Structure formats: C-alpha cells, structure tokens
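Working notes, structure below.
The values are calculated or read from the model by the stated rules, or taken from the named source; none is laboratory data. All values reported here derive from a predicted model rather than from experimental measurement. Cβ placement follows ideal geometry from the backbone for every residue including glycine, while neighbour counts extend to all protein chains displayed.
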C-alpha cells in the first residue's frame, strides 16, 4: 500500500516571539516560551492547533527515562488514560499511538537555527524519517540531548512547571493548551476552501475541453499516456499549487478535529 503524502502547510499565523504555550495538566501547569522568530513555521502551526483546541483531551503516550516525554498524537483523543497505556503495550488491536497526524506537515526549521539546542526543558517537534514530515506531535526533553540538535526542531523552552514535566507519565491527559500573548488567528479558511474548489472546477472543465479538442484533431486514437500528459499540462496551467496545499491542509485538520472523545 502506498504511503499517503500529507500536504505541506504554510501556517498563516505569524508569530511575534512573545507567545507562551500554557499546558493545563491534572498535575499542574506547564508554560513554555515559544521561539516564534527562530521557528516561525513550527510555532505558527502549534499556535493555530492550540487555539483551535487540537491538543485538548489528548494524552501523553511516550516516556523514556532520562530522555523525553512525548505527546500530541490525535489517536489518543478517543482514549482514556488506561486505554492509552494498553495501546502503548499493544493490547488494543489496531490502535497505535504515535502514528497520528493533524492532516498536514510543515517544513523543518532546525538547520541553521543558532538556538536549536536540546536542553532540559526543551519543547521540540517530532517527525518521521523523511525531511519536512513534522506536524503536531511534540516532546519535552528530560535531559540535555545535543545529538538531537541536527534532527529535531526545538521550538520552545519551559519557563514554568518543569517539575510537572518531570512527573509526566504515559496516559497523562492534557486538559487544555492555550497561548498567552497570541494575536487573533487568520479567519480565511472558508475563502481558501472556496477558492480551491473554484480552481478545481475550472481545471476540470479545461481538461474536458482540451482532451475533446485533442481527440477531434488527432488522426488516430490518443494513447492513455498522451491523454494523461494533456490533463497534467492543462491542470498545471490553472491550479495554484500552494493554494491547493493550503486547502488540503485545512480539510485534513478538520477531519482530525471531528474525532470525538469516548471512554
């Protein structure tokens, strides 16, 4: 089965560098200053997700003593803490915390970032083995890990509640994440989706016209390869790929957010 490639999203929230992420946990509150100037894409995405409630009711699903504690996977949303621990132990068939996403991916920002140092209390983005594959999952560092500096984007530092970070365990729920110092989110989701729908309709109509014209002028029946080339060239001339990627990302996030919590 081919792997689904998520759209590459360019967050529309522009960080100021003053944002602080507040994690409300049952064990206390964690505050992390976000490095919006150094990691605008990562922080912009995190702020958008937090302000839309994406992280609310998720559970931490990974902890490696002396290393990291990991959260942000939407697969944990329908699960209570006990079932998260069962899933991590592979006792829930078909449920695998850690493989979830938010419907899109964002660009890596660790390379060339002078502040990308993984120290005790760092907040970083997880990702797959491929470049630009991070999205919503994150980890807090429980110890300095300089070997992570050229692997993961460190986008925040804990400034309050480090003792809460140290106590986090697999299954611990996130009550809420909100952002102090954030300005209003862009509210043009519907405009982007509608603009993409229009350009898709225009492209479909143009493809029909182009293939009909090509068939009419051809001396013999067109091959599948020729038809595919006409289709591709016609669509490429009309479709704004960045707009399409943004629309796919918005739709993907909406699908993820539609999953409800169950016990």
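So that you can scan it fast, the table gives a plain yes or no per residue for (1) at pLDDT 95 or above; (2) in the same structural domain as residue 56 (by TED's automatic domain parsing); (3) closer than 30 Å to residue 57 by Cβ; (4) buried (at least 16 other Cβ atoms within 10 Å of the Cβ):
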position	(1), (2), (3), (4)
217	no, no, no, no
222	no, no, no, no
226	no, no, no, no
230	no, no, no, yes
263	no, no, yes, no
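Is there a residue being farther than 26 Å from residue 75 by Cβ, part of a helix (DSSP H, G or I) and in contact with a helix residue (DSSP H, G or I) (Cβ under 6 Å, 6 or more places away or on another chain) anywhere in region 212-224?
Of region 212-224, the ones farther than 26 Å from residue 75 by Cβ are 212-224.
Subsequent filtering for residues that are part of a helix (DSSP H, G or I) retains 212-217, 224.
Keeping just the survivors that are in contact with a helix residue (DSSP H, G or I) (Cβ under 6 Å, 6 or more places away or on another chain) gives 214.
The answer is yes, given that some residue of region 212-224 is farther than 26 Å from residue 75 by Cβ, part of a helix (DSSP H, G or I) and in contact with a helix residue (DSSP H, G or I) (Cβ under 6 Å, 6 or more places away or on another chain).
To keep it simple, each residue is scored yes or no on (1) farther than 22 Å from residue 60 by Cα; (2) crowded, with 19+ Cβ neighbours inside 10 Å; (3) assigned by TED's automatic domain parsing to the domain that holds residue 74; (4) without any contact (Cβ under 8 Å) to a residue 40 or more places away in the chain.
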| site | (1), (2), (3), (4) |
| --- | --- |
| 118 | no, yes, yes, yes |
| 129 | no, no, yes, yes |
| 134 | no, yes, yes, no |
| 137 | no, yes, yes, no |
| 148 | no, yes, yes, yes |
Number of the condition not met by residue 29 [criteria: (1) part of a strand (DSSP E or B); (2) crowded, with 20+ Cβ neighbours inside 10 Å]: (2)
For region 109-122, how many residues are part of a strand (DSSP E or B) and either modelled with pLDDT under 90 or within 22 Å of residue 8 (Cβ to Cβ) (or both)? 0
May I ask you to list the residues in region 1-22 that are out of contact with any helix residue (DSSP H, G or I) (no Cβ under 8 Å at 6 or more places or on another chain) and surrounded by 16 or more Cβ atoms within 10 Å (Cβ to Cβ)? 20, 22
Has region 87-102 got at least one residue that is under 19 Å from residue 57 (Cα atoms), in the same structural domain as residue 37 (by TED's automatic domain parsing), part of a helix (DSSP H, G or I) and in contact with a helix residue (DSSP H, G or I) (Cβ under 9 Å, 6 or more places away or on another chain)? yes
For residue 141, all conditions in the list (1) crowded, with 18+ Cβ neighbours inside 10 Å; (2) more than 24 Å from residue 249 (Cβ to Cβ); (3) outside the structural domain of residue 70 (by TED's automatic domain parsing) hold save one; what is the number of the exception? (3)
Just checking, how many residues over region 1-26 are assigned to a strand (DSSP E or B) and modelled with pLDDT under 95? 1
Can you find even one residue in region 50-62 that is within 19 Å of the chain's Cα centre (by Cα) and in a strand (DSSP E or B)? yes
Look at region 171-211 and say how many of its residues are touching a residue at least 60 places away in the same chain (Cβ under 8 Å) and not in a helix (DSSP H, G or I). 16
